[in-house]
Structure formats: C-alpha cells, structure tokens
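Below is one structure; the comments refer to it alone.
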Amino acid sequence: MPQAVIVGSGMGGLTAALLLQKHGWQVQVLERHYRPGGFLHRFFRQGIGYDTGFHYVGSAGPDQLFGRAMKHLGVYDRLRFSELDPEGFDWLWFPDRQFRVPAGFERWKAALTAAFPDESQGIANFAEELRRASRAYGWFHLDLSTPPESVLPWEECSLQQVVERHLKHPQLRAIVCGQTAPLYGIVPAEAPFGLHAVVTDHFQQGAYSVDGGGDRLARELVRELRAGGGKLHLRTPATAIDVREGVAQGVWSGERYFPADLVVTDIHPSLVLDLLPAQAVRPAYRDRVRNSRVGAAHIGVYFRVEGDLSVLKRRNLYRFRSWDVEEMALPASPEAPPSFYFLAAPGAREQGRAGTEQVLVAILTAEHKIFEQLNGESGETRSEAYRAAKAGIEGQFRAVLAEDFPQWKVLAMESSTPLSTQHYTGAPGGAIYGHYHSVAQMGRYRYSSRIKVRGVLQVGHAIGFPGICGAMMSAYVGCAEILGGETLVAELKAA
Ligand SMILES: Cc1cc2nc3c(=O)[nH]c(=O)nc-3n(C[C@H](O)[C@H](O)[C@H](O)COP(=O)(O)OP(=O)(O)OC[C@H]3O[C@@H](n4cnc5c(N)ncnc54)[C@H](O)[C@@H]3O)c2cc1C
C-alpha cells in the first residue's frame, strides 16, 4: 500500500487525506496544533464556542460543488447545513444606503437593477462577464474540457477594471465591490476578476452555515479518516522533509520519522521551503516565494451580547464607514473608529449549546507588522504597547457597535491579532487566506501544486483560492496529479 504523509490538518490537508485514502493510500496527517482543522477551529470559553475562520460557505446544496464534495468525502449526511437568507445573505451597510446581496444570479441582477435602473444594461454586461469568467474555471464546474490556460485573461485584469468598464454610479461600483474584503482580502484594484467571479459564484449558488461550525466539519472529516484506517497525529509539527536525489522519502517531526511515497503540504509555500534542504529547489523559486506578499491579516473580535440577534440570524453584516471601499484595507487603529467591520452570528443559526446563540464574531482589518513592532522582543508574554493597542482597538470597535446596535449589551469580549493567528496556525504574517491572490501574483505567476522535489504536492488556500471551498478544491486539483482529474470529476458528479 503506498504511504502518504499530509502536513497540516486544515480543510486542504484533510480533503487530500480522504481523497488519497479512498484511492488506496495509507495516510498519516501531522498537525502541529492540539486540535485539527487549522482555520476551521472553534475555540471554547466556559463551554461556549467561538468560530475563528468559518462563518459561511457557498454551494453546499446536495447537487452543488461543496455539497457534492462533502458527499464524496463521506461526511455530508453527518453535517447539518442551513441556508442563509436567499433574499439577502450578505448585508452591505454603507453610510446612507444598505443593500442585501441575494442568492441566485438572476435575483442578484434584478436587485441591482431595481436599485440602479439607469444602469440596467451595464449591470447585465457586468453579470455576463462574471458568468464567462467563472466558467473558465473548469474544476469549479466539473468540466475539465475547459483548458487550464483559459483562466489567464481573467486573472490578468482586475475587478476594478471590469467594474469601470460597465458600471458608472460610484455607489453601484462600491456595492458590487463590497464583498471583496472578508471574502478574499484584496482591494478591487488588485483583485483578479476571475477570482472574484469564482468566489462570488459559489456564494450565489447559496450561502450556508453548518451546525457546530468549522469545528464540526473538521471533526467529521477526521472521523472519516480514522474509520478508513488513516491516522491523525496532533502536537506533531513537521520539522523537515527528507529528500534524497530529488525525491521525497518521508517527513521528520523532531526525532520521529514518517516514511512516505508522497508528502502533501497544506501550509504556505514559504513554510514548505523551511522544511526542505537548501538545495532542493531552484534559487529563483526560493527568491520568488520568500519575496511574495502574503494575504491580508485581521483582528478577530469574539463576544457575546444580551439582546435580540435575529437581524444576523440568517445573514452577515459588512459595515462600511464610507463609500470608498478601498478604505476597508486600512488597518484598525486604537485612535480612530474602524473604517470597516464584518459581523456574523454563527451560533444563532444552529441548534448548538446554550449560550452559543448569543455569540458574535467580528473581523477588522489589521497589519501584522504593526503588532510585531509593538510587541518587540516580548514574545508570547506580549508587551505593554501591544496590549494597549489591542485594548484601544477593542474600545473603538465597542463604540461603533454601540452606535450601530444600541439595543445590545456586550457581556464578554476578547480579541485576537495577526500575531495570535500566526501563533495558532503558523500562517506567515497571520494571513487569513495564505497568499495575496492579486493580479500581480496570480495568472501565470500563481503557485503550482508541484515543486521541483518529486513526491511533494502542495495544497491549501495559498495554492488554490481563498476560503473553505477554495482550500478544498486545491486538494482535488493537487490530488488529480496522482489520481487523475477525470476520475475525481466523475466521482464528484456521481456523488
Ligand atoms: C477570521 C477568518 C474568517 C474566515 N471566514 C471564512 C468564511 O466564512 N468562509 C470561508 O470559506 N473561509 C473563511 N476563511 C478562510 C478559510 O478559513 C481558509 O481559507 C481555509 O480554512 C484555509 O484552509 P487551509 O487548509 O488552506 O489552511 P489552514 O486552515 O491554515 O491549515 C493549515 C494547518 O497546517 C498546520 N501546520 C502549519 N505548519 C505545520 C507544520 N510544520 N507541521 C504540521 N502542521 C502544520 C496548521 O496548524 C493548520 O492546522 C476565514 C479565515 C479567517 C482567518
């Protein structure tokens, strides 16, 4: 039986593990953390769960991409998905206008046209471009007859360029670009139009939460792995990949050795470099990875409130303080109100533990280097300056929240910074989505699953697209190198 070692138990790693296992591989997953799941984590305070990197996922209906994959991986029937409001699953709240993003392409076009009737032709043209761009990604439509290079033109132009070609009204432009921050963390001027098309397309098929959040999803994937004979080793960081004559032979975790015919990494390519012998890859590749920009970072604010949360039961809030959506990229500061925040109430949507239904999770933009500088040499104990900045940002957030939702009483609040994210997941720069998937770093410059070392495959959101579905699909695309793309697509279609 061929043996595979997977480094990292995030959505990408667990998907790859199950795909290989289904095809006769003996699989071992190494995870540095004491819980599996990576960004799927839900942490607990007094028995109440707080989600970190899972609030909703698209296309989870039984005949849609994510739903089919969950069936294919063997966990669909054990998960309870709930669809968010198809009339408006994302609520964009600008200073003097609000827009609810509906599910369904036609419904979305109709809602935009109703709000901006003078622009009906531009909206139709923009929507048509979205549809064409999304179709270029064959894997996302289970159609591999589309050549992989057909995505290039869509990754070489930005969302802003296409918006400016078709839409005139500044408010319409802002609404169309409004979801970019939390969905993939890139400003419209730098976001590849193809990326935007694929990510929004999967949510337009329907946006879903899952009972128990990402934690439940990770647990079910792990249960399936174990049921098939696979092993998960927690608190087991990979420390080196054993490479001989250009071929991977196994993985070291300190003194422990895990032999492997195939090593699959679910970590950022720069962390893969750290595991490889210095000469294993070309200097040009090494420089490119070391100099690449990592994805956006965030402040996570986790809190409970007393009060009615029904307004967020079936939708997420994107709150903008101005019509300039580029301002959402401004890092939150202790001195001023945040220019943007995302808010979700994942627990309110599920039949969970008592207390969880009052939980709210907010995301604010942040810069890793600001916190790194503030923390100085203080390490895990954190400096006074770091703590003060964090408390200041929490205070600013509390103030805008009190303005926006005066009916809520905040009961308990804590927050994380990019340093916390890096500490718990290893993500360089505390990046939410691994890579900065910008026009400059995608298209012909995007990372590939394969590297020069034979027997190593890279998966995860840095290799594929941002998000749970993007990380999952990166594993399908990567494992297709071994298992065959047509085989996997046929299995997905039959699932
Ligand atoms: C605040 C936030 C909100 C988000 N909200 C959503 C959302 O609502 N919907 C959505 O679709 N996406 C969301 N995302 C993004 C999504 O969570 C990620 O894109 C996705 O989960 C990434 O999966 P992954 O497998 O690529 O990597 P990860 O989840 O990062 O997994 C990598 C794993 O590798 C482990 N690891 C690292 N180094 C080693 C080593 N040396 N040895 C062993 N293990 C190692 C890490 O501990 C981790 O468990 C959000 C992210 C964040 C941070």
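Structure above, values below:
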| item | result |
| --- | --- |
| Contacts under 6 angstrom Cβ, first residue in the stretch 450-470 being in contact (Cβ under 8 Å) with a residue 40 or more places away in the chain, partner more than 6 Å from the ligand (Cβ to nearest atom) and aromatic (Phe, Trp, Tyr), 6 or more apart | Ile463/Tyr447; Pro466/Tyr184; Cys469/Phe66 |
| Output for the stretch 142-164, where each listed residue is out of contact with any helix residue (DSSP H, G or I) (no Cβ under 6 Å at 6 or more places or on another chain) and either touching a residue at least 12 places away in the same chain (Cβ under 8 Å) or closer than 29 Å to Val477 by Cα (or both) | Asp143, Ser145, Pro147, Pro148, Glu149, Ser150, Pro153, Gln160, Gln161 |
| All positions within the stretch 4-13 that are of a type in the set (A, V, I, L, M) and either surrounded by fewer than 24 Cβ atoms within 10 Å (Cβ to Cβ) or in a helix (DSSP H, G or I) (or both) | Met11 |
| Yes/no for Gln279 being assigned to a helix (DSSP H, G or I), polar (S, T, N, Q) and more than 16 Å from the ligand (Cβ to nearest atom) | yes |
| Top-ranked residue in the stretch 20-47 [being hydrophobic (A, V, I, L, M, F, W, C) and farther than 16 Å from Ala218 by Cβ; ranked as farthest from the ligand (Cβ to nearest atom)] | Trp25 |
| Qualifying residues in the stretch 466-495 (those that are within 13 Å of the ligand (Cβ to nearest atom) and in a loop (DSSP other than H, G, I, E, B)) - the one nearest to Gly74 (Cα to Cα) | Gly467 |
| Residue count, the stretch 63-79 (criterion: under 17 Å from Ala17 (Cβ atoms), touching a residue at least 60 places away in the same chain (Cβ under 8 Å) and of a type in the set (A, V, I, L, M, F, W, C)) | 3 |
| Check on Tyr76, within 29 Å of Arg315 (Cα to Cα), within 15 Å of the ligand (Cβ to nearest atom) and not assigned by TED's automatic domain parsing to the domain that holds Asp143 | no |
| Single unsatisfied condition, Glu83 versus (1) within 16 Å of the ligand (Cβ to nearest atom); (2) under 29 Å from Met413 (Cβ atoms) | (2) |
| Strands (runs of 3 or more DSSP E) contained entirely in the stretch 44-126, each with at least 1 residues that are under 24 Å from Lys168 (Cβ atoms) | 90-94, 97-101 |
| Positions within the stretch 14-40 being assigned to a loop (DSSP other than H, G, I, E, B), closer than 26 Å to Leu492 by Cα and either out of contact with any Leu (no Cβ under 8 Å at 6 or more places or on another chain) or hydroxyl-bearing (Ser, Thr, Tyr) (or both), in sequence order | Gly24 |
| Which listed residue, of Asp287, Asp242, Asp215, is out of contact with any Cys (no Cβ under 9 Å at 6 or more places or on another chain), outside any helix (DSSP H, G or I) and not aliphatic (A, V, I, L, M) | Asp242 |
| Selection within the stretch 423-465 - within 8 Å of the ligand (Cβ to nearest atom) and surrounded by fewer than 22 Cβ atoms within 10 Å (Cβ to Cβ) | Tyr424, Gly426 |
| Selection status of Leu275, buried (at least 18 other Cβ atoms within 10 Å of the Cβ) and either within 20 Å of Arg42 (Cα to Cα) or outside the structural domain of Ala110 (by TED's automatic domain parsing) (or both) | yes |
| Residues of the stretch 281-330 that turn out to be buried (at least 19 other Cβ atoms within 10 Å of the Cβ), within 21 Å of Gln160 (Cα to Cα) and not hydrophobic (A, V, I, L, M, F, W, C), as a count | 3 |
| Single unsatisfied condition, Phe105 versus (1) within 13 Å of the ligand (Cβ to nearest atom); (2) surrounded by fewer than 18 Cβ atoms within 10 Å (Cβ to Cβ); (3) among the aromatic types (Phe, Trp, Tyr) | (1) |
| Whichever residue in the stretch 210-247 is β-branched (Val, Ile, Thr) and buried (at least 19 other Cβ atoms within 10 Å of the Cβ) and, among such residues, is farthest from the ligand (Cβ to nearest atom) | Val243 |
| Cβ pairs under 8 Å, 6+ apart, first in the stretch 300-328 and in contact (Cβ under 8 Å) with a residue 24 or more places away in the chain and more than 19 Å from Ser209 (Cα to Cα), second among the β-branched types (Val, Ile, Thr) and part of a loop (DSSP other than H, G, I, E, B) | Val325/Val187; Glu326/Val187; Met328/Val187 |
| Some residue of the stretch 384-391 being closer than 19 Å to Arg304 by Cβ, touching a residue at least 12 places away in the same chain (Cβ under 8 Å) and surrounded by fewer than 19 Cβ atoms within 10 Å (Cβ to Cβ) | yes |
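The values are calculated or read from the model by the stated rules, or taken from the named source; none is laboratory data. Since the model is a prediction, treat every value here as computed from it, not as a measurement. Because the Cβ atoms are built from the backbone with ideal geometry, glycine has one as well, and the counts that use them run over all protein chains shown.
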